[in-house]
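Trainee: To start, I am sharing the structure in question, which I have written as structure tokens.
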């Protein structure tokens, strides 16, 4: 996922697949094929919390982590933040629209039509 490092993306995949809040140890156990320290996973989850990709709730002495939204919602939020931090968001949108596939353009057109109908 853009905006995330490789390990951050792997941790997010674990959380999305889980469908329930997980503790650090549980995330570590589900990161199959990786030899990682508990503290490494804890740091990654803390960073993801700081970046607002995960929510955490105290459960006893430990935190449980869950995604702050679906993969699609968080990706859209990332795109929104990129536009907001651009010095010329309209130019970014133009470049994006010019590079969009026919399917993507159809989705954008549908949304535009819906917005126009509500006016």
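Trainee: Among 79-85, 54-60, how do they line up by average Cβ neighbours within 10 Å per residue, starting with the highest?
Mentor: 54-60, 79-85
Trainee: Taking square-rooted eigenvalues a ≥ b ≥ c of the alpha carbon gyration tensor, is region 6-67 rounded, prolate or oblate, where a/c under 1.5 means rounded and, failing that, a/b exceeding b/c means prolate?
Mentor: Rounded, because the longest to shortest axis ratio a/c is under 1.5.
Trainee: For the peptides 45-51, 23-29, 99-105, what is the packing order when you average, over each peptide's residues, the other Cβ atoms within 10 Å and list the highest mean first?
Mentor: Ranked by mean Cβ neighbours within 10 Å, highest first: 23-29, 45-51, 99-105.
Trainee: I've got another one for you. Which shape class applies to region 61-101: rounded if a/c is under 1.5, otherwise prolate when a/b exceeds b/c and oblate if not, where a ≥ b ≥ c are the square roots of the Cα gyration tensor eigenvalues? Intermediate values should be presented prior to the final figure.
Mentor: Details: a/c = 6.58, a/b = 2.39, b/c = 2.75.
Verdict is oblate for region 61-101.
Read-outs throughout are calculated quantities, based only on the coordinates presented, and are distinct from any laboratory measurement. Computed from a predicted structure; not experimentally measured. Note that each Cβ is placed from the backbone with ideal geometry, even for glycine, and that neighbours are counted across all protein chains shown.
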